[in-house]
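S.K.: After the structure tokens below, expect a handful of questions from me.
The values are calculated or read from the model by the stated rules, or taken from the named source; none is laboratory data. All of these numbers come straight from a predicted model, not from anything done at the bench. FYI the Cβ positions are ideal-geometry reconstructions off the backbone, even for glycines, and counts take in every protein chain you see. When the accessible area is computed, the model is the full protein with side chains, heavy atoms only, and any ligands, DNA or RNA have been set aside. Shrake-Rupley method; radii C 1.70, N 1.55, O 1.52, S 1.80 Å.
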Amino acid sequence: MIQRDVLLRQIQQLTHALVRIAEMITNREFDRALEAIDEQLNLQLDGSAEGLRRIPPERLLALCHENGRFSAQAAQTLARLLRLQGDAHAGRDEDTAAGACYGRALLLLRAALQSDDATVSWKIGTHLAELQHLTDEHPPGDDVASALQERG
């Protein structure tokens, strides 16, 4: 139970940070947004923006597990973070980095929808369609492309 409380607290803190990061991207402050993402990942997950962008697909999905159960909420939060990170990289014309982020975000959202505790809303379909379009424009790399095909 303590582990679940920690995960939920981390998700809530990341969710609050996402609002600020989204504003930075809207204001075209891409460098600041990437710095804020890096800071939050360091604080909440002992990681980095680059590490999240490069994490192998299976390890990324494992981040959303606790006590052998997949957390759709954790997956959706990380997907949103990766989407914003992809937007920041795309804003800096870093197509490879953007594709890596968008592909991982799409993978997480697909996994979230397949989980037992999935919260389904009409927005999820919109987000999936947007991410699919973005991964078509910015290919995610072979490892993520293969994982996306497997989870299709």
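S.K.: Report, by residue number, each residue of segment 58-75 that is assigned to a helix (DSSP H, G or I) and out of contact with any helix residue (DSSP H, G or I) (no Cβ under 8 Å at 6 or more places or on another chain).
M.R.: Start the filter on segment 58-75 by keeping residues that are assigned to a helix (DSSP H, G or I), which leaves 58-62, 72-75.
Once the filter is applied, which keeps residues that are assigned to a helix (DSSP H, G or I) and out of contact with any helix residue (DSSP H, G or I) (no Cβ under 8 Å at 6 or more places or on another chain), segment 58-75 yields R59, A62.
S.K.: If you don't mind, another one. Give, as residue ranges, the helices (runs of 4 or more DSSP H) completely inside segment 76-152 that count at least 1 residues that are farther than 20 Å from E58 by Cβ and not basic (K, R).
M.R.: On the way: elements: 95-114, 122-137, 142-151.
The helices (runs of 4 or more DSSP H) meeting that bar are 95-114, 122-137.
S.K.: Keeping to segment 1-40, report how many residues are at pLDDT below 95, of a type in the set (D, E, K, R) and not in a helix (DSSP H, G or I).
M.R.: Qualifying residue count, segment 1-40: 0.
S.K.: On to the next question. L148: in contact with a Pro (Cβ under 9 Å, 6 or more places away or on another chain), more than 24 Å from Q12 (Cα to Cα) and surrounded by fewer than 22 Cβ atoms within 10 Å (Cβ to Cβ), yes or no? Talk me through it step by step, then tell me what you get.
M.R.: Working: in contact with a Pro (Cβ under 9 Å, 6 or more places away or on another chain): yes; more than 24 Å from Q12 (Cα to Cα): yes; surrounded by fewer than 22 Cβ atoms within 10 Å (Cβ to Cβ): yes.
Yes, satisfied.
S.K.: Of the numbered conditions (1) free of Cβ contacts under 8 Å to residues at least 24 places away in the same chain; (2) surrounded by fewer than 19 Cβ atoms within 10 Å (Cβ to Cβ); (3) not polar (S, T, N, Q), A36 fails exactly one; give the number of that condition.
M.R.: (2)
S.K.: Ok, one more. Restricting attention to segment 74-111, which residues are at pLDDT 95 or above and of a type in the set (S, T, Y)?
M.R.: Once the filter is applied, which keeps residues that are at pLDDT 95 or above and of a type in the set (S, T, Y), segment 74-111 yields T96, Y102.
S.K.: Here's a follow-up. Provide a single number: the residues in segment 51-68 that are open to solvent by 60 Å² or more (accessible area, probe 1.4 Å) and touching a residue at least 12 places away in the same chain (Cβ under 8 Å). First the steps, then the outcome.
M.R.: Keep residues of segment 51-68 that are open to solvent by 60 Å² or more (accessible area, probe 1.4 Å), which gives 54, 56, 58-59, 63, 65, 67-68.
Of the ones still in play, those that are also touching a residue at least 12 places away in the same chain (Cβ under 8 Å) are 54, 56, 58, 63, 67.
Residues flagged as open to solvent by 60 Å² or more (accessible area, probe 1.4 Å) and touching a residue at least 12 places away in the same chain (Cβ under 8 Å) within segment 51-68 amount to 5.
S.K.: Restricting to segment 69-84, and then to whatever is polar (S, T, N, Q) and more than 8 Å from the chain's Cα centre (by Cα), can you tell me which residue is surrounded by the fewest Cβ atoms within 10 Å (Cβ to Cβ)?
M.R.: Of segment 69-84, the ones polar (S, T, N, Q) are 71, 73, 76-77.
The next check asks that each one be more than 8 Å from the chain's Cα centre (by Cα); those that pass are 71, 73.
Working: S71: 21, Q73: 18.
Checked segment 69-84; the qualifying residue surrounded by the fewest Cβ atoms within 10 Å (Cβ to Cβ) is Q73.
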